[in-house]
C-alpha cells in the first residue's frame, strides 16, 4: 500500500485520533473496567495506525542524511499534534455550550 504522507493527511489523522480517543476512554478506560485489551487494541487501530500511515507513511525512504533534521517530518508531526489539539479544544468548548 502506497500512502504519501503530507501535512494535510497528518492533520486529518490528528483530528480523527482526537475525536475517537475520548470515545475509547469512556468505553474501555474507566477505573475498574475490564476493557484493557480493548483499550489497547482500539488505541493501536484508531490512534497509532492512522498516525503512522498518514504522518510517517509506509515504506522506506531515505529523505535526509544521517545526523540531519528531517524538517518535512517535523512539519507533519506538528500538523498531527496541532490538529489533534485544536480538535480537542473545539470539542471541549462545544461541550460547555
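Please treat every number below as a calculation from the coordinates, not as lab data. If you're wondering where the values come from, they're calculated on a predicted model, not measured in any experiment. Counting neighbours? That spans all protein chains shown, and the Cβs are built from the backbone with ideal geometry, glycine included.
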Would you check if there is a residue in segment 6-18 being surrounded by 16 or more Cβ atoms within 10 Å (Cβ to Cβ), more than 27 Å from residue 95 (Cα to Cα) and over 12 Å from the mean Cα position of the chain (by Cα)? yes
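Can you tell which of 64, 55 is surrounded by 16 or more Cβ atoms within 10 Å (Cβ to Cβ) and touching a helix residue (DSSP H, G or I) at 6+ places or on another chain (Cβ under 9 Å)? Spell out how you get there, then give the answer.
Working: 64 fails: surrounded by 16 or more Cβ atoms within 10 Å (Cβ to Cβ).
Unique residue meeting the criteria: 55.
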